[in-house]
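Notes for the one structure printed next.
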Amino acid sequence: MSVLYFIIQQTMYFAIPLLIVAIGAMYSERSGVINIALEGIMVMGAFVGIFFINIFQDSISGQLLLILAVLIAGAVGGIFSLLHAFASVNMKADQTISGTALNMFAPAFAIYVARMIQGSQQIPFTDTFYIAKVPVLGSIPVIGPMFFQNCYITTFIGIGIFLVAAFAIKKTRFGLRLRACGEHPGAADSVGVNVAGIRYAGVIISGVLAGIGGLVFVVPTSTNFNATVAGYGFLAIAVLIFGQWRSGKILMAAFFFGIMKTLASAYSAIPILKSLPIPNEIYKTIPYVATLIVLIFSSKNSQAPRAEGIPYDKGSR
Amino acid sequence: MNSKRKSIFKGEGFVNFSSSILAIICGLLFGFIILLASNPSQAVNGFMMIIKGGFTDGMKGVGDVLYYATPIIMTGLSVGFAFKTGLFNIGASGQFTAGAFAAVYVGIKWTFLPASIHWLVALLAAILVGALVGSIPGILKAFFNVNEVISAIMMNYIGMYIVNLLVRNYIYDPLKNQSVAVAKSAILPKAGLDKIFVGASLNIGIFIAVLCVILIYVILNKTTFGYELKACGLNPHASKYAGINEKRNIVLSMVISGALAGLGGALLYLAGSGKYLQVLDIIAPEGFSGISVALLGLSNPIGILFSGLFIGHITVGGYNMQLFDFVSEAIDIIIAAIVYCGALSLLFKTMIHKIQMKRAKKAEAKAVGTDKGKEA
Amino acid sequence: MEYVIEMNHITKQFGDFKANDDITLQVKKGEVHALLGENGAGKSTLMSVLFGLYQPEEGEIKINGKTVKINNPNDANDLGIGMVHQHFKLVHNFTVLESIVLGRETVKMGVLKMEDARKKVMELSEKYKFKIDPDAYISDITVGMQQRVEILKMLYCDNDILIFDEPTAVLTPQEIHELMKVMKQLVAEGKSIIFITHKLNEIKEVADRCSVLRKGKYIGTINVADTTKEQMSEMMVGRKVNLNVEKTEMNPGDAVLEVKNLTIKSKASGKEAVKNVSFKVRKGEILCVAGIDGNGQSELVYGITGLMPLDSGQVILNGKDITKESIRQKCIDGMAHIPEDRHKDGLVLDYTLQENLVLQTYYTDRFQKHGFLKFDAIREYAKELIKKFDIRSSHGETSSARGMSGGNQQKAIIARELDRNPEIVIAVQPVRGLDVGAIEYIHKQLVAQRDAGKAVLLVSLELDEVMNLSDRIVVMYEGEIVADLNPKEITTEELGLYMAGAKRSVKNEQ
């Protein structure tokens, strides 16, 4: 039983950031902008967030520090994503290329700044956020040890973000307009919806959530930040495609990948897997191989937004 | 005579070329601002180092530029060639690493080969393995409609981990956590280049890269195969309508693209410059540099040759800049900024068009002024 | 004067091209005002100016006597102007209700409140007998229904100046009749309608006055009751036209193309887009496939030409089973295809004209040797075709296809396809969006093919074209062939009944 609890707890560490970033990606893509820059935005969010923790961990500590860091990471992600929004919306640039540029920029910037300031590129931090057991809830049998022990407050923030985001895209005016811009911007424009504004909003939301996701990924799984989030931004896009751009399916996809990643990183703590004669590297490839396999089966009938990746041009009606 | 000169300056090629130059200027300016922000007193010195790049150190510097440019010209060609077919090969890194491993493996283990062809066989092995790795996203795209960007990124990680595993199992130097040295006979010949560029690690790799540039140029511009590939890239629907087998072309394009990247890996790791395959969880940066090179060179093989040399040039500048206590990652920041500005090419193109329009109007006004007399 | 709309001396330029050159349009309250002109005459541009999508360089707009500035569709909407666009502005995976409220949502704290909207939509639907299902998805309803959704969008926000941009192009004669009734009901309620069209019959039926545009210029405004169709047609084209194609008696030979029991499933929906379709096209015959857009005609052609996989059935060309042949082999065997969408399928727009002219033949020995293209041979051939088919462009054979006009792009495709001397020509809406000159030319070319003893399969949505050109008509409805008709023996109205599925004369042997 304790192995099962362990797997679930680990899965949460990996699935929650994926969920946050993928749901952000959903907002960008369903507004019509492909955001492949999520990887870079995650790096930026995590970099500034961890740097903040590194500086203030002696003066502030615990959950307040983490929540402040989350807010900062989100703000940084949102600001950084403006570059992508500007290129994609105003400049009608190739969105893949613009995204790639941000992906190249972020780690270079993080390493440069870290080395210029503190000499080495790794930024260490002390984990003062770990919650061994949530009061009351943690004592509930079965559910307590699954979700309310050995956890982080970010898990609950992530679930909250998911619930709000899933509701908003389906049930609000903003969500309706956003979906229209991703499928048929001409239709939205003809009834006076500001397509550029909505697309900016979509990209910024994805940036804020990716920034948060970057931090949320690093905090439980590491003790220092080394200018990388291990391809998590790209995995989030795979989650989005596997989830067919719909929030409910994205939730399931995120947890599927979370389990895959758990197998990859924590197999040595799972007795059955540890006893198998499979080298470490093979385990590490699991999430990526799983992505390929899943994409093979989910790409044929794609529900991708129809106007995704196409700059909106008023002239072409 | 006049009209001919005009056509050069008005042509699409010229506009594209100037927008690349503008992107470079903007990127460099941004880099300068970064330097200025981090260390104002040394910023100018550091920046001059970047600009001077390979010309700081005499022939050695020039040789170094050519040495650094060689692998990224190859990955640039890889990315650019795929671009022409409408594919974004962001997986050049994985193909590069896989090719490098194949070459190094042959270079270490296949010592039974005659010395004269050992390095050639190692290059061939790299081409084959690179092509094989490249074919996977191609096949997935052609037959399962899988977005090649995502699958190629996944292949980068898978390739990296598997190469790590293979290096550890077969050609490992545990003390240094890297591959052991390749046999002398597998190292690329210098062909006298070491005499000209004393101190640089230059070898015939640069000639092989130039040969590839010419080959790809001919394929794209002179052959029916190139005609088909470009048609697929520009309009896959019309290509299918015209009976072009677009699935086959997607796979072939990725195979060739992968082969180019794989060969690039071999050219770097068989250079005999003290480069070893290290067992680290890091994706080969040469693949991403290839994206910059291809974008800057507008996916044109000749353009890629020059943009590869340019990136090599400022990379050398980046190393020299460390003299002034700057971190060489500044170069990566500049390159990213250049790529971003390149994506904004529309902005530059409209700017250039506006300038052209102004000039044309002036010329027109002049012409009208002189013609008036005649017409009357 | 009691004009609701006055557009005075409007000029709108795109670069050097004047799409609207000093155009004046005055619409009275409570009238149906037709705006007549050929494709490219500037009707859509003028309406986009009125709707706030474009800003004119010169001219003024008055609504109800007051000068206004319309910067975007919101301004137009505030002034009570609504528009049914030629290409519907509907999101395929929205419900009818969502489509109608988009942009005018009722919300509480940003959260959608749909109940009031639903009530109002249902009332309107009842008033005009639209029989609309508010919860149906747009992609699941017919084109006619989609148009009603567009009309409801205007009525939902109480517009009283309504623009209909070529609304009848996609409808059956019966649906057109229903639409006319709705239009009359709307003006009777005091609304004003601008009706954009190039169909004279419809103007005669419903419009009070008519303004004519030609090549971006204003020609004049007439009272419909006092003007003949011939006069209007002359105003529109600038010369006398005879769209009735001169044709000799048909002299059919053996079957060239035979389609047997073709069934094709749509990839997107998984539904059968083409159901067990069989027919023959004979030498010296133009067989026309008629039907409302979206009844499986596109899929049928894609299936025959090999662009879409078949689920079952056979395609036979001159007695040879070519069902399993590649697209290229079909082309070599003598199949020519003038595709529905010339930009998507017919041309590589960023290739030059000469490169496009060899798109089907670049691999033949005439144009390549050992895999290398023979550029001289390609250029010579292109020059030859340009002369023969009168293809006009700015830089001759080296012009980029993108920069050519629609008519010349289509001529290039026709040159490429017909010059191969095919056995069968499959032409899908070959004159869509072209001006009268190009239409005449292309129709003549098709008839010439037929007279030369070739087979022609023509897919058309335009009833006039169907009735004029065809020697035989098959009607498709919901993927099936429901009639096999002789154009001389039926009326347009009858054809409409078949197209709407209200009548069928062919039983599908299943």
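The values are calculated or read from the model by the stated rules, or taken from the named source; none is laboratory data. None of the values given here were measured: they were computed from a predicted structure. FYI the Cβ positions are ideal-geometry reconstructions off the backbone, even for glycines, and counts take in every protein chain you see.
Tell me which of these residue C:393 doesn't satisfy, since it passes every other one: (1) buried (at least 21 other Cβ atoms within 10 Å of the Cβ); (2) under 23 Å from residue C:445 (Cα atoms).
(1)
Is it the case that some residue within segment C:422-443 is under 22 Å from residue C:358 (Cα atoms) and polar (S, T, N, Q)?
Checking segment C:422-443: not a single residue is under 22 Å from residue C:358 (Cα atoms) and polar (S, T, N, Q).
If I filter segment C:381-394 for residues that are more than 12 Å from chain B (Cβ to nearest Cβ), in contact with a Ser or Thr (Cβ under 8 Å, 6 or more places away or on another chain) and among the small types (Gly, Ala, Ser), do I get at least one hit?
Yes.
Considering segment C:304-318 alone, what residues qualify as being more than 14 Å from chain B (Cβ to nearest Cβ) and either among the aromatic types (Phe, Trp, Tyr) or closer than 22 Å to residue C:333 by Cα (or both)? Step through it out loud before you land on a result.
Kept after step one, since they are more than 14 Å from chain B (Cβ to nearest Cβ), are these residues of segment C:304-318: C:310-318.
Scanning segment C:304-318 gives C:310, C:312, C:313, C:314, C:315, C:316, C:317, C:318.
If you take the residues in segment B:154-201 that are in contact with an Asp or Glu (Cβ under 7 Å, 6 or more places away or on another chain) and farther than 30 Å from residue A:239 by Cα, which one is surrounded by the most Cβ atoms within 10 Å (Cβ to Cβ)?
B:179
Being more than 12 Å from chain B (Cβ to nearest Cβ), farther than 30 Å from residue C:54 by Cα, surrounded by 21 or more Cβ atoms within 10 Å (Cβ to Cβ) and touching a helix residue (DSSP H, G or I) at 6+ places or on another chain (Cβ under 7 Å) narrows it down to one of A:270, A:250, so name that one.
Values: A:270 fails: surrounded by 21 or more Cβ atoms within 10 Å (Cβ to Cβ).
A:250 is the lone residue from the list that is more than 12 Å from chain B (Cβ to nearest Cβ), farther than 30 Å from residue C:54 by Cα, surrounded by 21 or more Cβ atoms within 10 Å (Cβ to Cβ) and touching a helix residue (DSSP H, G or I) at 6+ places or on another chain (Cβ under 7 Å).
Taking the options B:146, B:129, B:106, name whichever one is within 13 Å of chain A (Cβ to nearest Cβ) and touching a helix residue (DSSP H, G or I) at 6+ places or on another chain (Cβ under 6 Å).
Working: B:129 fails: within 13 Å of chain A (Cβ to nearest Cβ); B:106 fails: within 13 Å of chain A (Cβ to nearest Cβ).
The unique qualifying residue is B:146.
Considering only helices (runs of 4 or more DSSP H) fully contained in segment B:6-109, which possess at least 1 residues that are under 30 Å from residue B:192 (Cα atoms) and modelled with pLDDT of 95 or more? Walk me through how you get there before you give the answer.
Details: elements: B:12-38, B:43-52, B:58-84, B:92-109.
Per the criteria, B:58-84, B:92-109.
Rundown of residues vs (1) modelled with pLDDT under 90; (2) under 21 Å from residue B:123 (Cα atoms); (3) touching a Gly at 6+ places or on another chain (Cβ under 6 Å), yes/no style:
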site: B:259; (1), (2), (3): no, yes, yes
site: B:262; (1), (2), (3): no, yes, yes
site: B:273; (1), (2), (3): yes, yes, no
site: B:285; (1), (2), (3): yes, yes, no
site: B:298; (1), (2), (3): yes, no, no
site: B:305; (1), (2), (3): no, yes, no
site: B:313; (1), (2), (3): no, no, yes
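Could we say that residue A:140 is of a type in the set (A, V, I, L, M), away from chain C (no Cβ under 14 Å) and in contact with a Cys (Cβ under 7 Å, 6 or more places away or on another chain) here? Even if it seems obvious, please write down each step before you answer.
Numbers: of a type in the set (A, V, I, L, M): yes; away from chain C (no Cβ under 14 Å): yes; in contact with a Cys (Cβ under 7 Å, 6 or more places away or on another chain): no.
Criteria not met by residue A:140.
Pick out the one residue from C:27, C:4, C:32 that is more than 14 Å from chain A (Cβ to nearest Cβ), among the aliphatic types (A, V, I, L, M) and either closer than 14 Å to residue C:56 by Cβ or touching a helix residue (DSSP H, G or I) at 6+ places or on another chain (Cβ under 8 Å) (or both).
Numbers: C:27 fails: either closer than 14 Å to residue C:56 by Cβ or touching a helix residue (DSSP H, G or I) at 6+ places or on another chain (Cβ under 8 Å) (or both); C:4 fails: either closer than 14 Å to residue C:56 by Cβ or touching a helix residue (DSSP H, G or I) at 6+ places or on another chain (Cβ under 8 Å) (or both).
On inspection, the qualifying residue turns out to be C:32.
Which condition number in (1) over 20 Å from residue A:228 (Cβ atoms); (2) crowded, with 24+ Cβ neighbours inside 10 Å is the one that residue A:3 fails?
(2)
Say we look at segment C:35-51 and pick out the residues that are out of contact with any helix residue (DSSP H, G or I) (no Cβ under 6 Å at 6 or more places or on another chain) and aliphatic (A, V, I, L, M); which of these is modelled with the lowest pLDDT?
C:41
Do the conditions hold for residue C:446, that is, is it under 21 Å from the mean Cα position of the chain (by Cα), farther than 22 Å from residue C:201 by Cβ and not aromatic (Phe, Trp, Tyr)?
On the way: under 21 Å from the mean Cα position of the chain (by Cα): yes; farther than 22 Å from residue C:201 by Cβ: yes; not aromatic (Phe, Trp, Tyr): yes.
So residue C:446 passes the test.
What's the number of the only condition in (1) without any contact (Cβ under 8 Å) to a residue 40 or more places away in the chain; (2) small (Gly, Ala, Ser); (3) closer than 30 Å to residue C:253 by Cβ that residue C:394 fails to meet?
Residue C:394 satisfies every listed condition except (3).
Please give the helices (runs of 4 or more DSSP H) falling wholly within segment A:233-317 in which 3 or more residues are under 23 Å from the mean Cα position of the chain (by Cα), farther than 19 Å from residue A:36 by Cα and not β-branched (Val, Ile, Thr). First the steps, then the outcome.
Details: elements: A:247-266, A:271-275, A:280-298.
Answer list for segment A:233-317: A:247-266, A:280-298.
Please specify each residue of segment A:266-286 satisfying the condition of being farther than 25 Å from residue B:282 by Cβ and free of Cβ contacts under 8 Å to residues at least 12 places away in the same chain.
Matches in segment A:266-286: A:272, A:273, A:274, A:275, A:276, A:277.
Considering only segment B:189-204, I want to know if a residue exists there that is assigned to a helix (DSSP H, G or I), within 14 Å of another protein chain (Cβ to nearest Cβ) and either at negative phi or in contact (Cβ under 8 Å) with a residue 12 or more places away in the chain (or both).
So the first thing to find is which residues in segment B:189-204 are assigned to a helix (DSSP H, G or I), and the list is B:193-196.
The next check asks that each one be within 14 Å of another protein chain (Cβ to nearest Cβ); those that pass are none.
Within segment B:189-204 (the criterion being assigned to a helix (DSSP H, G or I), within 14 Å of another protein chain (Cβ to nearest Cβ) and either at negative phi or in contact (Cβ under 8 Å) with a residue 12 or more places away in the chain (or both)), the answer is no, since none of the residues qualifies.
Sort out for me the helices (runs of 4 or more DSSP H) sitting completely within segment A:93-206 that have 2 or more residues that are among the β-branched types (Val, Ile, Thr). Walk me through it before giving the result.
Numbers: elements: A:95-118, A:143-147, A:153-171, A:173-183, A:185-190.
Output list reads A:95-118, A:153-171.
Would you check if residue C:373 is more than 20 Å from residue C:434 (Cβ to Cβ) and hydrophobic (A, V, I, L, M, F, W, C)? Spell out how you get there, then give the answer.
Working: more than 20 Å from residue C:434 (Cβ to Cβ): yes; hydrophobic (A, V, I, L, M, F, W, C): yes.
Yes, satisfied.
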